[in-house]
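The values are calculated or read from the model by the stated rules, or taken from the named source; none is laboratory data. This one's a predicted model, so the numbers in the text were calculated from it and none came from an experiment. Here the Cβ is made from the backbone with ideal geometry for all residues, glycine too, and neighbour counts use every protein chain on show.
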Amino acid sequence: MGSRMALRWSWVGALGLLMGCGGVEERGADPTFGAGSTDAEVTAPASSVEAAPTLTLHDDRKVQGTPPVAPPPIAFQPGFHQALREPAFAGSLTTYRMRVPVGRAGSRVRITFRSGDGTFTLKRATVAQAGANGALASTPVSLTFNGQPGFTANARTLVTSDPVAFPVGFRDEVAISFEATGALAVSLIESFPGSFMRAGSYATTQAALGGQAWEFATAVATVDVEGPPGRAFVAIGDSITEGYYDTKNDTRNAWPALVEKELGVPVVNSGASGQGFWDANLQLPQEVLAMQGFTDCIVLLGTNDLASEGITVAKLEQRMNQLFDQLQPRCRLWVSTLLPKEKTNYGSYEVVKAQRKEFNAWIRTQTRAEVIDLEAVTRQPGNVDLFLDGLEVDQIHPSKEGHRVMAAEVVRVLKEKGGL
């Protein structure tokens, strides 16, 4: 070994010993190291295990350095999601500023937009940390789409932005501003306080947007965050999962968000108010399967199907299995029993009660998905058709306290059976 090489190894090796690590950067993946180097010739190891280098200290003693450690992988996984079923229309250029919580930390983001029932044109979009009253707490970062500032999409189309450097922390509040015309897809319920709309072009405005409050999820379907890969959950359901409990709601109070906050992993919300199994199976490829990087799926679905015309419990079981068939290749399955239902808005209430009890009994005995028994923690001890006092708002939907109780049980089961 030449004197220059020995000198370089000597101070690196000594520093490594003082710090308790070799401090040696892995070079095997760098095609420029070795080729053209005047210090030493680099040859491939005979085995797949790379040997640690021999280091020469200043007193000529030789020691074995710490083997190099590969950097951890990174990947995009969903940090926010919303099912968008309802149509809306902007006849002139309008700026929307959605304030959303992001349940994943990372250094880059990409955002997927969904058009409504017709042509949708997005002129410009930005992302920033959310401030108060519709203002931005950081300089807005522009999004691009295949290198362009905007796009035009046909009906019910997903368009994903190019990745952009934008560091976010777990549960950061992010403001997504975009200027658009045409057909937009929106949520059925208002659950995003702090969101606004204003006629005109204001996506890059850092001050308060002004205009009017607009608390529907609008056009923004998914926010993916790039970071170290881990568990990522998708909650699939109806209004009980989307988070309806009043005329004004907050997605942060829905049980998936509460589970996310407690476990420290993303639990994105794909609940859609009013949906049953038929439309869930129909929409699943675009709303859930189009996402990348999720690992677990939690299903709470079926209450809107009870006592529907032509629906039997056998049909409910069949449609649940159809949902499982689509999901199982992509995620670990979790399924919840249906919550108490103290009344029905259609059909026979006696049929609703009978079907719900029979369907819950099947859920508890099926073996394709792990069971989360939310009925057990929300019902009266002596009557499975009634909620515990304070856990419902209209005899069908859970209250904010009901969501808290549900979330606590989901967390308990996921910790016990899911290794979290």
Item to complete: Working carefully through the options Ala354, Ala314, find the one that is farther than 27 Å from Leu289 by Cβ, modelled with pLDDT of 95 or more and of a type in the set (A, V, I, L, M, F, W, C).
Response: Ala354
Item to complete: Give the residue, chosen from Ala219, Ala208, Ala180, that is farther than 25 Å from Gly243 by Cα, at pLDDT 95 or above and surrounded by 23 or more Cβ atoms within 10 Å (Cβ to Cβ).
Response: Ala180
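Quick grid of which residues meet (1) over 21 Å from Ala254 (Cβ atoms); (2) touching a residue at least 60 places away in the same chain (Cβ under 8 Å):
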| site | (1), (2) |
| --- | --- |
| Val351 | yes, no |
| Phe359 | yes, no |
| Thr367 | yes, no |
| Pro381 | yes, no |
| Leu388 | no, no |
| Val393 | no, yes |
Practice prompt. Kindly establish whether Phe120 is among the aromatic types (Phe, Trp, Tyr), crowded, with 21+ Cβ neighbours inside 10 Å and assigned by TED's automatic domain parsing to the domain that holds Gly210.
Written response: yes
Item to complete: Kindly list, by first and then second residue, each pair from a residue in the stretch 63-81 that is modelled with pLDDT under 80 to a residue that is buried (at least 21 other Cβ atoms within 10 Å of the Cβ) and not in a loop (DSSP other than H, G, I, E, B), limited to pairs with Cβ atoms under 6 Å and residues at least 6 apart or on different chains.
Response: Val63/Leu55; Gly65/Leu55
Discussion item. I'm checking my understanding of the structure. Among residues of the stretch 273-306 that are within 19 Å of Trp362 (Cβ to Cβ), surrounded by 19 or more Cβ atoms within 10 Å (Cβ to Cβ) and hydrophobic (A, V, I, L, M, F, W, C), which one is farthest from the chain's Cα centre (by Cα)?
Written reply: Leu306
Worksheet entry | In the stretch 364-392, the residues that are assigned to a loop (DSSP other than H, G, I, E, B) and closer than 17 Å to Leu300 by Cβ | Gln366, Arg368, Ala369, Asp373, Leu391
